[in-house]
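Since the structure comes first, as C-alpha cells, the remarks are kept for the end.
The values are calculated or read from the model by the stated rules, or taken from the named source; none is laboratory data. This one's a predicted model, so the numbers in the text were calculated from it and none came from an experiment. All Cβ positions, even for glycine, are placed from backbone atoms using ideal geometry, and neighbour counts span all protein chains on display.
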Amino acid sequence: MTSTTLATIDVWSRLDDGPLFLKADERARSANEYRPETIPPVVDDPTSALVLPQLGYRLEATSYPSWATGPRHSHTWKRHHALHRFMLQLHTTLATHIAHEGLEDGTVRQRLQTEDAVSAWHTHRTALFGATPVIGSTYTIPDEHHLPVHLAFALQQLLGAGWSVTSDGLERVLPPWPLRYAPTIQPLKLELKTGLLADCVGWAYLPANSPDNEGAIHELVYLSGIGPQKKLKAAWATLMDRKRDTIKVPLPGHAGRIDLIATRRLEGSKVYESFWNDEPLAESGMAHLVLQHRSLLNPRTGQPFLHLVGADGTPNLCQFAWQLDQASTLPITSSWAMRLWDDGLRAGIIVSLPSYGCQAYWVRPDEAAWSELVARCAGAIGPVSIETFGLDTDTTPAVAMVVSESDDDPAPSVRSSPTD
C-alpha cells in the first residue's frame with residue numbers, strides 16, 4: 001500500500017466492529033440450501049447487505065435440492081473459496097507478526113505493527129489474485145478500502161483481550177495465569193474410564209515413549225476444567241486414584257472433529273496439587289479445577305520441573321529463574337533468565353510438551369549442561385566446569401517422582417484465578 005493510500009485509510013478504524021463482522025460471517029456460513037429455513041433470516045437482515053460484501057460475500061442464485069422443504073429465497077449470500085482462503089491466510093499471518101514480551105509481573109504484552117498488518121494484507125491479495133487484480137466473473141477481488149474491515153475481522157478471531165491503538169500499531173496485555181483465555185467458547189469434554197464426560201479447558205502431558213516418560217501412555221502434568229462440581233470431582237478422583245485409570249483429554253481436530261487422547265496420572269504419590277475456586281464463577285456459576293504437577297510451585301533440587309504459561313508460549317522469566325534456582329545447585333541470577341531460557345531450549349534441556357489451552361515446558365535436571373550455560377552467562381570462555389561441595393554429585397538425569405507423601409488432599413488449599 002502506498003503512503004498516499006495509508007494516509008487516506010484509517011487502518012484500525014473498524015477495530016471495534018470486529019465482533020459484528022465475526023457474527024455476520026458465522027451466520028452467512030451457516031445458511032445453506034440443504035436447510036432452507038436458515039437462509040431468510042440472513043438475507044432479510046439489513047445488516048447483511050451492509051457487512052457481508054465487505055467480507056467478500058455477494059448474492060448468488062440458490063439451488064435447493066429437490067427434497068428440501070421450507071421457505072425459499074431466489075438468492076443467498078455466498079463467498080468464493082478464493083476469498084475464504086484469503087481471509088483465512090490473513091488471520092494466520094497476522095498471528096505470526098505479533099511480538100510477545102513477558103513482563104516481570106507475569107503478564108505478557110503483545111504488539112502488532114501497522115506496517116506488518118498492511119503488508120500481510122497486500123502480500124496475500126497479490127499471491128491469490130495477481131499484482132494487478134481484475135474483477136472476475138466468479139468473485140470480487142478484495143478492495144483496499146475494505147482493508148480495515150478485513151483486519152478487524154481477522155484480529156477478532158485471535159482469542160484474548162481487546163487491542164488498543166498506538167502510534168505505530170496495536171497493543172494489548174494478557175493476564176499472568178496460564179489459562180489466559182478459554183480456548184473455545186464452549187468447553188470440550190474429557191472422557192473418564194467410566195464413560196463420564198467432564199468439561200476441560202486445558203491440559204498438558206509428558207509424551208509416551210520419550211526420555212521423560214518411558215511408559216506406553218501419555219502422563220498428565222496439568223489438567224484444568226470448568227463445569228459442574230460433581231463431574232470435576234470425578235475427574236479429580238480419577239487422578240488421585242493409584243490405579244492410574246485412563247483419562248481421554250480432548251483436542252480440536254480437522255473439520256470440527258474432536259480427537260480424544262488417552263492419558264493417565266503419573267506414578268507415585270504427592271505428585272499433584274489441587275486448586276478449586278472458593279465460590280462459583282461469577283458469570284457461569286460453575287466450579288473451576290486445576291490439577292498441576294507439584295514441581296510448578298515446589299521445585300526440588302535435582303528433579304525436573306514444570307513451567308506453565310499461556311498458549312502464546314511466552315515464558316515467565318522471573319518464575320523460571322526462581323524455579324531453576326530451587327531445582328539446581330548452581331548460582332542463578334534473575335538477569336540471566338532470558339539467556340538461560342533460550343540456551344536451554346537450544347540444548348534440549350527445556351522441552352515443549354503437548355498442551356491445550358496453555359503451553360507447558362518440562363525442564364530437565366541435567367546439571368552438567370546447566371553448569372556450562374550458567375558459566376557462559378557468568379562470562380566464561382572456552383571449556384568450563386562448575387564443582388559443588390557438600391552435596392551428592394551424582395547428577396544423572398532422571399524423571400523422579402515423590403513417593404513418600406500422600407495425594408489424598410481433597411480440600412482446596414489455594415484460590416484459583418480462572419477466566420470465565
*Pick from segment 215-270 the residues that are within 21 Å of His307 (Cβ to Cβ) and polar (S, T, N, Q): which of them is surrounded by the most Cβ atoms within 10 Å (Cβ to Cβ)?*
Ser224
*Could you list, in sequence order, the residues of segment 293-307 that are part of a strand (DSSP E or B) and of a type outside the set (A, V, I, L, M)?*
His293, Phe305, His307
*Do the conditions hold for Pro315, that is, is it in a loop (DSSP other than H, G, I, E, B) and modelled with pLDDT of 95 or more?*
yes
*Scan segment 275-302 for residues that are in contact with a helix residue (DSSP H, G or I) (Cβ under 7 Å, 6 or more places away or on another chain) and surrounded by 20 or more Cβ atoms within 10 Å (Cβ to Cβ) and jot them down.*
Ala287, Leu289, Leu291, Pro299
*Which listed residue is more than 30 Å from Leu50 (Cβ to Cβ) and surrounded by fewer than 18 Cβ atoms within 10 Å (Cβ to Cβ), from Val108, Val201, Val165, Val173*: Val173
*Of the numbered conditions (1) in contact with a Leu (Cβ under 8 Å, 6 or more places away or on another chain); (2) surrounded by fewer than 18 Cβ atoms within 10 Å (Cβ to Cβ), Glu60 fails exactly one; give the number of that condition.*
(1)
*For segment 155-206, which fully contained strands (runs of 3 or more DSSP E) count at least 1 residues that are among the aromatic types (Phe, Trp, Tyr) and under 16 Å from the mean Cα position of the chain (by Cα)?*
202-206
_Based on this model, can you work out whether Thr107 counts as in contact with a Pro (Cβ under 6 Å, 6 or more places away or on another chain) and of a type outside the set (D, E, K, R)?_
yes
*At least 2 residues that are under 25 Å from Trp177 (Cβ atoms), of a type in the set (Lys, Arg) and in the same structural domain as Thr140 (by TED's automatic domain parsing) in each: list the strands (runs of 3 or more DSSP E) lying fully within segment 59-129 that qualify.*
108-113
*Between residues in segment 170-190 that are of a type in the set (S, T, N, Q) and residues that are buried (at least 17 other Cβ atoms within 10 Å of the Cβ), which pairs lie under 9 Å by C-beta distance while being six or more apart or on different chains?*
Thr184/Val201; Thr184/Gly357; Gln186/Asp199
